[in-house]
Amino acid sequence: MTETRFEPSQADGRWQRAWTDARSFEADSGSTKPKIYVLEMFPYPSGRIHIGHVRNYTMGDVLARYKRMTGHEVLHPMGWDAFGMPAENAAIEKGVHPGAWTYDNIANMKAQLQRLGFALDWSRELATCDPAYYGHEQALFIDLYQAGLVYRKESAVNWDPVDQTVLANEQVIDGRGWRSNALVEKRKLNQWFLKITDFAQDLLDGLGTLDGWPEKVRLMQENWIGKSQGLQFSFNLTNGETLDVYTTRPDTIFGASFVAVAPDHPLAQAIAANNCEAARFIEQCRAGGTTAAELETAEKLGFDTCIAAVHPLDPQRRLPVYIANFVLMDYGTGAIMAVPGHDQRDFDFATKYDLPIIRVVASSADAADAPLTEAEAGDGVLVNSAILNGMSVADAKAAVIGRAESEGWGEGKTVWRLRDWGVSRQRYWGTPIPFIHCDACGVVPVPKDQLPVVLPEDVDMSVPGNPLVRHPTWKHTQCPSCSAEATRETDTLDTFINSSWYFLRFASQPTDKPFDTAEIAQWMPVAQYIGGIEHAILHLLYARFWTRALAHIGALEVKEPFASLFTQGMVTHETYEQKNPDNGQPVYFTPDEVSRSGEGAVRIADGSAITIGPVVKMSKSKKNVVDPDAIVDRFGADAVRWFMLSDSPPERDLPWSAAGIEGCARFVQRLWRLFAQYDAAATGEDKSLARKMHQTIAAVAGDVEALSFNKAVARIYELTSAVDKAAASADRSAAIRAILLLIAPMMPHLAEEAWERIGGEGLIADAAWPAVDPALLVDDEVTIAVQVKGKLRDTLTVAKGLPSAELEALALASEKVQRAIDGAEVRKVIVVPDRLVNIVA
RNA sequence: GCGGGCGUGGCGGAAUGGUAGACGCCGGAGACUUAAAAUCUUCUGAGUUAUGCUCGUGCGGGUUCGAGUCCCGCCGCCCGCACCA
């Protein structure tokens, strides 16, 4: 090792080729080693990878490489979530075919990923837009149809009358199409649905078994599934009709002081038909915002219908019926009994419209008349509730439901927020839904031997509307049952279906079927799944459902696809801006355009002052981005990888900084110089360095297993400094070799290069993780804190395991301690062996 | 509004109820050099009458021999959301 600098520009490519040539990272399903599946969420091929991908994939890579070193057969694949709207947008804007655009992007991004040296099994690469992938998806979809998990029903979509297309919610801006600016209409279409609600309870129960998932994600899914148990019952109205309401608090029924229906409720609509004031009110409700935060802070508003409802347990009582802006049509029956005393929204409404607020739950029977200044949702005993008085909330719930059922005016009911999954998309760039519409036979699945139903290549994206509908020949076919003229389904599948089983196809990819059940069992479930929190609900819930659905039809033996989930933080960067003198709007500059010095920054082009803005998520609009290729060119893959792992805990945001990456590049060189000092022939002991080495190996292993990469990095720095300071010895050489192995998963190119030079056998990628001698994990000397009344006054270095009495004597003998005691009487001495002595005087 | 999370030096962050600030970045001083870069050494929470002492983990209480850590009440920031009856 004579070169004084490590040259990533030469080493990176050389070792990447060596790994490819040796097929180092191709997973063997037949291996007898313990198997482990490490997976990061596959990217959408947008064109360029961004630094967030680099962070995500670096984390997975370190774990995958580490697991290989600890004797596992590792499956660590990569592919492309390649269907979706951006390709169609590009096609419309640039006149390229969505497929051509997508495959170009894949080629670029693959090259970018390969430059980072990720230990990926590229032999299993897949793209969801490949008929070899989506054909199997069509087969699975038909299987689920035959199992009764797929059905069609009418459902509303956002229709853009100018672009003749259905819009996603995000494409509707202030009620208008994002591209056409036309007013969006609600249109009812016959669409395909998956029965995810059949699995609601199972999906909920499964969350309890996912110990390896963040509590936050489990909670988000639980709320999304939204199970509630309550009473659905019917009010008799004074106009002769009845009104169904749902409540989760039947116990508070005697506290009901009004009834409210959603603006979209049929009753409200009927009233509005001959009452323009009501119609105006409903219109006003629709004009308001629809997000939770907007509605929560919006004032509670109502319209008195002048209809009254008869209280089912107190027929003399009449409750006014309101149309209210805070009642949702989509949940329950779209109508509620309102209990102001025990629901804050009802309380706010009652206060505004001067309706009675009745306490029916109190801390004790004596507190029945305690005034309510806000709604009280807590537990207690029933008061002011006739037959229910004195009961607990739980008993009263059961009593009311029992009575409603026996008297026939209501029934206990479980209501779910979760709704069936609408999977129809009226778009070209997606998986064709493999069904045929026949006038005589109805909806008929495409026979499996005719799969895949392939998208036509010759489409014109410049004309509005779905090209599959207007293609001259594609949709025309024969009915598989009766051979009559028939048409293909022109809807394509939601891309969330593509990502609901790609991990299965990675694990097993026969040509004649979606996957091999036995081979899947070798790898599934995914041991560690890593991705962004933005997928906490939809992707992860759909994948859990799809896996269950396949298990339900016997195609799989696992129900939960991802045993452990990790959601990493974003990569952030400060912003650089100037005010536009004309309109005062900020103008952003990229880090390349700005020279940062000390406190301030200037624009390189003209030397003008730049305002340094907040550190926020990297985004194109704020121009606070760094290009992975550019930084790999400049610093090498290993420095970039090291930066991704350093400092910030992986679940938190990582602030990118030029100084930070430069520091990492310096550390790469420092290690290079250290490795050059490796001397296999060195002799002599360095017991304390040997201890430090074994402790570090054990700690780094634990940190990597826990994905606490920032801690592992800190420990490697510590050991490096200790080795730097140590004199030559056999132990020092061993420690240098250990550092090399510890950094191998993190800085694999540097590690290979140095491994070769010190005469390591084979590739370090195939080397074993260094062994730990348990005897050397503990020190024989410990430093004891000596406190007086809880304040540190001295420290003592003593032999480990010194008895308490001796520790106490040593502590009391300390001059500093005596000065702190200052002659006071020692009342108590707390001794924690090998830790501290606390003298209470 | 509800749910969840987080508040520790100039910055990112360490810390099984037991020596707060590990490790890194920034910054200061010095060595090497004709010089610079690189590298190395060293200092770096605040205050102070400096071998010491006092204060210090968002704020106010509490439990404890001992609290960044546990409990109660606030404040602020971030994320999620579906007024879910």
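No value in this document is a laboratory result; all are computed from the given coordinates. As the structure is a computational prediction, the values presented were derived from the model and not from experiment. Cβ atoms come from the backbone with ideal geometry, glycine included; neighbour counts cover every protein chain shown.
Considering only Cα atoms, the convex hull volume of the range A:571-617 works out to 79 Å³ per residue.
Taking the Cα centre of chain A as reference, the dipole from Cβ charges on Lys and Arg (+1) and Asp and Glu (-1) amounts to some 780 debye.
Here the 3J(HN,Hα) profile of the range A:402-414, calculated from phi with Karplus coefficients 6.51, -1.76 and 1.60 at θ = phi - 60°, is x, 5, 4, 5, 6, 8, x, 9, x, 8, x, 8, 9 Hz, Gly and Pro shown as x.
For the listed peptides A:34-42, A:312-320, a ranking on the average number of other beta carbons within 10 Å per residue, highest first, reads A:34-42, A:312-320. Each Cα pair under 8 Å and six or more residues apart adds its separation to the average, and for chain A the resulting relative contact order is 14 percent. Helix A:709-725: angle to the longest alpha-carbon principal axis of chain A, degrees 0 to 90, nearest 10? Result, in degrees: 10. Across the range A:426-534, Cα pairs under 8 Å and at least six residues apart give a relative contact order of 28 percent. Taking the average, over residues, of other Cβ atoms within 10 Å as the packing measure, peptides A:410-421, A:815-826 rank A:410-421, A:815-826 from highest down. Summing +1 for each Lys or Arg and -1 for each Asp or Glu among the other residues whose beta-carbon sits under 12 angstrom from that of A:Trp474 gives 0.
Summing charges over all other residues whose Cβ lies under 12 Å from the Cβ of A:Ala375, with Lys and Arg as +1 and Asp and Glu as -1, gives -2.
Look at where the Cα atoms of the range A:494-523 and of the range A:251-271 average out, and the two centres are 49 Å apart. Which entries of A:Lys195/A:Lys448; A:Lys35/A:Lys687; A:Lys692/A:Lys791; A:Lys94/A:Lys513 show an alpha-carbon separation above 27 angstrom in the structure shown? Checking Cα-Cα distances, A:Lys35/A:Lys687; A:Lys692/A:Lys791; A:Lys94/A:Lys513 exceed 27 Å. Aspartates and glutamates within cross-link reach of A:Lys186: Cα-Cα under 17 Å, excluding same-chain residues under 8 positions apart? The reachable aspartates and glutamates, counting only those whose Cα sits under 17 Å from A:Lys186, are A:Glu154, A:Asp160, A:Asp163, A:Glu170, A:Asp174, A:Asp264, A:Glu283, A:Asp330. Diagonalising the gyration tensor over the Cα atoms of the range A:781-840 and scaling each eigenvalue by 5 before taking the square root yields semi-axes of 18, 11, 9 Å, largest first.
Here chain A was treated as a single set of alpha-carbon atoms; its pair distances binned every 10 Å from 0 give 2, 10, 15, 17, 18, 16, 12, 7, 2, 0, 0 percent. Here the 3J(HN,Hα) profile of the range A:827-838, calculated from phi with Karplus coefficients 6.51, -1.76 and 1.60 at θ = phi - 60°, is 8, 7, 10, 9, 10, 10, x, 6, 10, 7, 10, 10 Hz, Gly and Pro shown as x.
Net charge of the neighbourhood of A:Ala701, taken over other residues with C-beta under 14 Å away and scored Lys/Arg +1, Asp/Glu -1, is +2. Across the range A:601-609, coupling constants 3J(HN,Hα) worked out from phi with the 6.51/-1.76/1.60 Karplus curve, θ = phi - 60°, read 8, 10, 7, 5, 4, 9, x, 6, 6 Hz, and Gly and Pro carry x. Between the helical axis of A:748-757 and the longest alpha-carbon principal axis of chain A there is an angle of about 20 degrees.
Here the label points at A:Asp773 and A:Arg666, each 7 Å from Cα along the C-beta direction, are separated by 3.5 nm in the simple model. In chain A, the longest principal axis of the Cα atoms and the axis of helix A:215-225 are about 20 degrees apart.
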